[in-house]
1. Among the residues of segment 90-149, write down those that are hydroxyl-bearing (Ser, Thr, Tyr) and touching a Cys at 6+ places or on another chain (Cβ under 7 Å).
2. What residue, among those in segment 157-183 that are over 23 Å from PHE136 (Cβ atoms) and outside any loop (DSSP other than H, G, I, E, B), is least open to solvent (accessible area, probe 1.4 Å)?
3. Does PHE30 satisfy the criteria of being in contact (Cβ under 8 Å) with a residue 40 or more places away in the chain, of a type outside the set (S, T, N, Q) and either open to solvent by less than 60 Å² (accessible area, probe 1.4 Å) or part of a helix (DSSP H, G or I) (or both)?
4. List the helices (runs of 4 or more DSSP H) that sit entirely inside segment 65-122 and contain at least 3 residues that are open to solvent by less than 40 Å² (accessible area, probe 1.4 Å).
5. Surrounded by 10 or more Cβ atoms within 10 Å (Cβ to Cβ), polar (S, T, N, Q), under 25 Å from ALA147 (Cα atoms) and modelled with pLDDT of 75 or more: which single residue out of ASN263, ASN297, ASN232 fits that description?
6. What single numbered condition from (1) in a helix (DSSP H, G or I); (2) surrounded by 13 or more Cβ atoms within 10 Å (Cβ to Cβ) fails to hold for LYS196?
7. Yes or no: ASP40 touching a residue at least 24 places away in the same chain (Cβ under 8 Å), in contact with a helix residue (DSSP H, G or I) (Cβ under 8 Å, 6 or more places away or on another chain), open to solvent by 60 Å² or more (accessible area, probe 1.4 Å) and assigned to a loop (DSSP other than H, G, I, E, B)?
8. Here are LEU186, LEU254, LEU239, LEU221: which of them is in contact with a strand residue (DSSP E or B) (Cβ under 7 Å, 6 or more places away or on another chain) and either buried (at least 18 other Cβ atoms within 10 Å of the Cβ) or within 21 Å of ASN122 (Cβ to Cβ) (or both)?
Amino acid sequence: MRFEYAYKQYEILGMRHLKKQSLETFCKNFNLHILPYFKDKDIFSLTKIDFLEWKNTIIDFNFSNSFNNSLYVCFNSFIQFCCDYYNLEYNYLKELGNFKRKIEEKKIDFYTLKEFKLFISNVDNIVYKSFFEFMFFVGTRPGETFALRFSDLENDIISIRHNLTSKGGRTLDTPKNQSSMRKIKLDRRMYKQLCKLKKYYTKKYNNECFDYYIFGGKNPLSPTTVNRYKKNACSKSNLRTITLHQFRHSNATLLISNGIMPNIVSKRLGHSKISTTLDIYVHSSLDKEKSVVTTLNSIRFKTFCKNFKSILKR
């Protein structure tokens, strides 16, 4: 059986079980980095060497650990499908295992509170200003934020129920995973700002009953226009540009650096595992290092004083 034919059958199965955005990402990665190496081969003639050579080829591209992992998971799930449905005798890829992780420097950029205040002071439109403040102080994913309607807001609690995908047209989908379906309590100023937005739309469209998008009104904001406002504010503020997702990083870093427990931050962010929060957002900074050194200096000074007093008593 030709590899390409088996993959097309697997794609049909994936359409029934994967979310649209996940399926699109899966197909893109498979078609770019797996299918070209195997499409003319017979799945029953594949050897351990074939899989090893594929892994070595991918390693030469020097992709990130996370991307290598996604390719392995993607390919392994397909080979397991062939074992389950086409009686392929052995999963050599599983035996070879995942790619060996390489040492990577974590590059997670974010705005400090001081930087964000400078940034937001240069956004003058009420809708876009509210959007960026929500991203920074609430920390939802961009797609979750674009999808929010006022029906998701009850008093000061916002319910994350949807995700707005941008691939293949803008459509409402469910959030990333089960943990992403969550309720988040808003701070007082954020809640008042959203109430102010609702009045703004009611006055603008003269319709009090319509379930407006919180950020956009009758239609959600366009990511392209949001990015244009972002770049303009960064230019005026003389700040580096960060991505929309990095406003989420900023929120998590802000909370953790101010003493909020990682497990609480993890639930607000909608992570399925607290380890994700710890791995991504617990940064080592010079300020933290200074506090460690201050503590060590204090301990060593107290020890010195104690020893010095003992010497004097002799």
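The values are calculated or read from the model by the stated rules, or taken from the named source; none is laboratory data. All figures in this text were calculated on a predicted structure; none of them were measured in a lab. So basically every Cβ, Gly included, is an ideal-geometry build from the backbone, and we count neighbours across all protein chains shown. Accessible surface is based on the protein model in full, side chains and every heavy atom, while ligands, DNA and RNA are left aside. Shrake-Rupley method; radii C 1.70, N 1.55, O 1.52, S 1.80 Å.
1. Scanning segment 90-149 gives no hits.
2. By that ranking, first place goes to ASP173.
3. Yes; evaluated as a whole, the condition is true for this residue.
4. Numbers: elements: 65-85, 92-96, 113-120.
Qualifying helices (runs of 4 or more DSSP H): 65-85, 113-120.
5. Result of the check over ASN263, ASN297, ASN232: ASN232.
6. (2)
7. yes
8. None of the other options fit; the residue is LEU186.
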